[in-house]
Amino acid sequence: MSKKNNILDEVTQGEYKYGFVTDIETETAPKGLTEDTIRFISGKKKEPEFMLEFRLKAFRHWQKLKEPTWAHISHPPIDYQDIIYYAAPKKKKELESLDQVDPDLLETFKKLGISLEEQKRLSGVAVDAVIDSVSVKTTFQDTLSKHGIIFCSFSEAVTNHPDLVKKHMGSVVPYTDNYFAALNSSVFSDGSFCYIPKGVRCPIELSTYFRINAANTGQFERTLIIAEDDSYVSYMEGCTAPMRDENQLHAAIVEIVAMNNAEVKYSTVQNWYPGNKDGVGGIYNFVTKRGMCKGTNSKIAWTQVETGSAITWKYPSCILLGNNSIGEFYSVAVTNNHQQADTGSKMIHIGKNTKSTIISKGISAGFSNNSYRGLVKITKRAGNSRNFSQCDSLLLGDKCGAHTFPYIKADNKSSVIEHEATTSKISDDQLFYCNQRGISTENAIGLIVNGYAKEVLSQLPMEFAVEAQKLLQIMLEGSVG
Amino acid sequence: MMEYTKPNVLKKHLTDLFEESKVSVFSKDKDYISALRTEAIAQFDKKGFPSGKDESWRGTDLKKVLSKGYQQFLHPQNQDIDLSKLFICEVHNFDTDILSLLNGWMVNGYARLKTFENGTIIGSLAEAMEEYPELINEYYNKSDKINEHSFSSLNTAFAIDGVFIYVPDGVQVDRAIQMVSIINHDENLLVQNRNLIILGNNSSLTFVQCDDSTNKLTSLNNSVTEFFIGENSNLDHTKLQNLNNKSTLINSTYINQDANSNVSTNAISLNGGLIRNNINVALNGQGSNANVYGLYLMDDKQHIDNRVYIDHKVANCTSSELFKGILDDEASGIFNGHIMVRKDAQNTNAFQNNNNILLKDTATIDTLPFLEIYADDVKCSHGATIGQLDLEAMFYLRSRGISEDNARMLLMYAFATEVINNISIDPLRERIDDMVKKRLRGELSICDTCVLHCGSPEKEVHFDIDLSKI
């Protein structure tokens, strides 16, 4: 027993290894949120008039809204006037190559294990690195442009492709959608933009890396992915933040539009700073992610590994508008110490013969609370639709909570919905079986947890799968007492 | 009869009525009862009727129901009807003691409160409030969570009569007790009966609760039943709901279980304009077990809303839920099962299952199977399905010469039997079985005399199927 406890201690006291701060000069907006802040951000970014209009409309709407309270999370009230809404690494001119990037910045990404250079040479992944919600550098742009693919920062897209932005921004997540979407729509500073033209299969994986660096800032980025007819793209997103005692707000929006026969695969490994083991500090991760299967036979798949953040409030969703479209959601959410997660998926079936799958694996340890909350809605005209959901929870320790709140609505007679959920702990039988065959308790737990999460991990692109597996081990190995 | 236009008007009417009654009808109340009433009406006044925005009432729209005017009897009514004709309910071959309620009042002519040799007390709650204040004081309105629901608060404020049963320690009541609540009035009626059932340690009781209407007029029945189950005791509870399409039934059941007790409760909803079953089970003692079952067969524009909250407060308890429903025409249904496993409620086993069949595109179902778990050594699972009759099974039956209608009937019946089979009393099960068959064939409407169709108990129901062919 004492051995087990040692392992538990080791693990739960394991430090967050991305918690360093990089000393980069940043340019910030004054604290607080008024129309002037929004004009400041928009002006700083030299945005066209329509963007400012959009932001102001969103802001006026946000002022009318109240922060939602329905999620199974609790936190002290957030003072929205005490946040810096714009922080950007100071840069002097447009960058042509990596050599011109601030060496401190490059060092930061190296520490994160995603050295931009290395990435470029070895893995062939195009990376858009975003620090404090301003895009720093996008790699591989030349290669991509040969295929007609646009992959750049959101600001660049606003300048260079205003028609595309105008047409699609807010079409999936309107600024009226919810409190945090309205907030993001009014103050978002940057993000990634991706456009795959008709018939193009994106040859490499696209990736965005988000990093909060400055103190007292909120990060509000916005991602827009458009996949035209018959196209395909696999998109990855990663994120880390320094260790700080105060809570920082991250409220992002991700919008995906998939046209006829298009397929978008969106993978996230979310590893924001979760706070220390007493629950001090950490990121509030309040994110709206939604994909629209607009065309027939289109497909959007979300895969997420949620290990970080003090609080996660996130429901990647699919609106299955086109006939025969497919939505998938694979999630592993791990909470430890005092983390709280309220996450899940929404599948809205509107087109005929639409299919959706939800696989959610929650793992809670320490004093954490981990909730699955999801909606499956099959509308009247979505005949012959199909949904399968499976939400499993694993409890490690008797002070944590695991909850399931599915909402299932069916409005026609020809659709089939199946939902199942289980909650359990790693059984002594399983451990005994492994021990008996000479596998140490620590390794046995790693084995069992990885086996438990495998269904989801196997959906991740290779680079991410490795990172995710490592993360899982760091977070949990041996945390069964 | 005045017609109201908004739920708020009805609320105002009720709070005003309460103020008036305080000095008249309720003035004879014992102190603690009037204290409870005052507290409850204040709670109701604060919360008001639940609206669509209320999370626990989402999907059930009461606006129409609450926009009507209702008359409420605060005194027993002498009706010029032949009571014996109304209450000839008896499950064939099923030996029961019947307690009849007409419009929320215990019917005269039956013993108002009877004390048996073994100490069992059965009868009217109004009477019990007078005669057994110590029991009432100990149990009445003491259920877990009872003050959280505004309909229950409203009931506590106005409740006067209903069924009272007290089973002392070590007594097994072998004759089942059947409560038949009938609404028969020619104006819109609000009925708020209140039942209190107390089982001591090592005792057992079978209780059948029937809600019926005998005409096609509008009524709103806000009924609250509290059960207190002592250690090692057994309760077998069956609810049978067969009301006309204009009636609304808000049926709240609070079950409080001590150690090693065993409860089986079964809600069979066959007809009703709007039925809401609030079932709250508090597992307060170790080793207790609750089985909560339900079957709903809805058509037309009927609406069914089943909410089950099972609270595992201590270790080593088990619970299992099974709700099945078939929805036809424009019927709509909601199922919300919520299993709560408190911290330290280790070694809990909790299962929940909800299966639905939609027969038409116009029918809808929402199912919300929730788990909220704060202990780690637990086995909890839930499953929910929404679908149609199995086409392959259908084909199998058709290929054996069974007509489409009969095959469909047979499959629906097979779907429903999983719940019916949990009814432990044979004659009752057979009777309900027959009723379900009739219901599926569209033959069961609200009975002219009473729900249990005792008019022709000898007439058996058969499908026109030669089973030997299958």
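Structure notes:
- Residues being in contact with a His (Cβ under 8 Å, 6 or more places away or on another chain) and either of a type in the set (D, E, K, R) or free of Cβ contacts under 8 Å to residues at least 60 places away in the same chain (or both) - total across segment B:383-427: 3
- Top-ranked residue in segment A:383-400 [being more than 21 Å from residue A:359 (Cβ to Cβ) and among the small types (Gly, Ala, Ser); ranked as farthest from the other protein chains (Cβ to nearest Cβ)]: A:383
- Answer residue from segment B:98-149, given it is of a type in the set (Val, Ile, Thr) and closer than 20 Å to residue B:252 by Cβ and is nearest to the chain's Cα centre (by Cα) among those: B:146
- Matching option when the condition is assigned to a loop (DSSP other than H, G, I, E, B) and either on the phi > 0 side of the Ramachandran plot or surrounded by fewer than 22 Cβ atoms within 10 Å (Cβ to Cβ) (or both), among A:167, A:198: A:198
- Conditions (1) part of a strand (DSSP E or B); (2) more than 10 Å from every other protein chain (Cβ to nearest Cβ); number of the one not met by residue A:435: (1)
- Restricting B:412, B:340 to those that are assigned to a strand (DSSP E or B) and either out of contact with any Leu (no Cβ under 6 Å at 6 or more places or on another chain) or modelled with pLDDT of 90 or more (or both) reduces the list to B:340.
- Residue in segment A:186-208 that is without any contact (Cβ under 8 Å) to a residue 24 or more places away in the chain and basic (Lys, Arg) present: no
- Filter result (β-branched (Val, Ile, Thr) and under 14 Å from residue B:162 (Cα atoms)) within segment B:209-227: B:224, B:225
- Scan of segment B:321-331 for residues that are at pLDDT 95 or above and surrounded by fewer than 22 Cβ atoms within 10 Å (Cβ to Cβ), ordered by number: B:322
- Test result for residue A:375, within 14 Å of chain B (Cβ to nearest Cβ) and crowded, with 24+ Cβ neighbours inside 10 Å: no
- Segment A:378-421 - residue that is under 25 Å from the mean Cα position of the chain (by Cα) and β-branched (Val, Ile, Thr) and, of those, nearest to residue A:325 (Cα to Cα): A:408
- Subset tally (residues that are within 25 Å of residue B:273 (Cα to Cα) and assigned to a strand (DSSP E or B)) for segment B:157-216: 19
- The residues listed here are A:350, A:408; of these, the one that is in contact with a Ser or Thr (Cβ under 6 Å, 6 or more places away or on another chain) and more than 10 Å from every other protein chain (Cβ to nearest Cβ) is A:350.
- Annotation: residue B:333 fulfils all but one of (1) at the interface with another protein chain (Cβ under 9 Å from one of its Cβ atoms); (2) under 21 Å from residue A:389 (Cα atoms); the unmet one is (1).
- So residue A:341, is it modelled with pLDDT under 95, more than 30 Å from residue B:361 (Cβ to Cβ) and touching a Leu at 6+ places or on another chain (Cβ under 6 Å): no
- Residue within segment A:467-475 that is modelled with pLDDT of 85 or more, small (Gly, Ala, Ser) and over 20 Å from residue B:378 (Cα atoms) present: no
- Considering the conditions (1) more than 9 Å from chain B (Cβ to nearest Cβ); (2) modelled with pLDDT of 90 or more, residue A:455 is excluded by exactly one of them, (2).
- Residues that are facing chain A (nearest Cβ under 7 Å), in a strand (DSSP E or B) and farther than 26 Å from residue B:315 by Cα within segment B:350-383 comprise B:358, B:364, B:365, B:366, B:367, listed in sequence order.
The values are calculated or read from the model by the stated rules, or taken from the named source; none is laboratory data. In this text, all values refer to a predicted model and were calculated from it rather than measured experimentally. Virtual Cβ from ideal backbone geometry, glycine too; neighbours counted across all protein chains shown.
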